[in-house]
Amino acid sequence: MDIAIDILLDTLMDVARLIPFLFATYLFLEWMEHQTGNKMEHFLEHHRKAAPLAGALFGIVPECGFSTAASSLYTTGVISAGTLIAVYLSTSDEMLPILISARAGFDVIGPILAVKVVTALIAGYIADFFFRHTVTDIDSFCEREHCDCEHESIWKAALEHTLKITIWLFVITLLMNTLMTLIGTDTLRAFVTSHPTSAVLSSTLIGMIPSCASSVLLSTLYLEQVISFPAVCAGLLANAGVGMMVLFRVNPNMKNNLKIVSYTWAASFLAGIILELFF
């Protein structure tokens, strides 16, 4: 019973921290649709080239709020696939709080952040050459969500979108936290340490788990010198928190979603392999 309560409380805390990001995102989308029309679409189209840079920089902010927001912004065409991928790769989730709480110096934190930002920039800009741009279309999103945004205030419409995504996110996060508890961090630790020569691969696989526990485990293993610098970078690059779960919830194009997830993992793995040549 105590374990179940802990899982429930952890889930509530995980989801609660995302609500402000989700609400702000949907409020912005509703305002854009109601007030600016095609002007905002044209502005964003002309500034897409700078977007992956902004995505890479915003992504390093602790927690995975920006990755969840970016998933919705991509689905409605506000940002490109490259920008979304840049956010996913640079998102630090629980890495920064763990390292800071362990009193790790900038000589430990700085290189990891640098690798994440540089990889996010390169992979983001390359992705924009291969992924077709989507068109800003909040109306289609509202139709899929069965809401009457056109006749509601932007505040009410944003609240409705946030509530629907939050409920879905709570259920999925609860399932993931339960699964992570049943598997146990010791099992995942053994998975990484049992094959040190393939630590980069195993770290990226753990990083793809949409749970805060994965970034906590990778950061802890690095602090304990269980995994190398290339391995922790690869794992944390792949760790986009729950952002990818939101993408699958809001974007009906599953083929495109799988391409984005696969590209993110491949970029993370390749970055880890390249780092192993120098470290």
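Rule-based calculations on the coordinates, nothing more; no lab input. Note that this is a predicted model, so its numbers are computed, not measured. As a convention, Cβ positions derive from the backbone with ideal geometry for all residues, glycine included, and neighbour counts pool all protein chains shown.
The string of couplings for the range 81-92 from the Karplus curve (6.51, -1.76, 1.60, θ = phi - 60°) is 4, x, 5, 4, 5, 4, 5, 4, 6, 8, 4, 9 Hz, one whole number per residue in order, with x for Gly and Pro. The stretch between L12 and S262, if pulled fully straight at 0.36 nm per residue, gains 87.1 nm over its current Cα-Cα span. Using the Cβ-Cβ distance between F129 and L53 with R0 = 22 Å, the FRET efficiency computed as 1/(1 + (r/R0)^6) comes to roughly 0.90. Site pair D2 and F248 shows an inter-label distance of 3.3 nm when each label is modelled 7 Å from Cα along Cα→Cβ. In order along the range 206-223, phi translates into HN-Hα couplings of 5, x, 6, 5, x, 8, 4, 4, 5, 5, 5, 5, 4, 5, 5, 4, 5, 5 Hz, rounded to whole numbers, per the Karplus curve 6.51 cos²θ - 1.76 cosθ + 1.60 with θ = phi - 60° and x for Gly and Pro.
Oblate is the label for the range 164-279. Its Cα gyration tensor axes, ordered a ≥ b ≥ c, give a/c of at least 1.5 and b/c at or above a/b. Taking the average, over residues, of other Cβ atoms within 10 Å as the packing measure, peptides 235-242, 17-24 rank 235-242, 17-24 from highest down. Between A24 and K255, residue separation times 0.36 nm minus the direct Cα-Cα distance comes to 80.4 nm. Report the label-to-label distance for V171 and A102 in nanometres (one decimal), using points 7 Å from each Cα along the Cα→Cβ vector. Using points 7 Å along Cα→Cβ, the separation is 3.6 nm.
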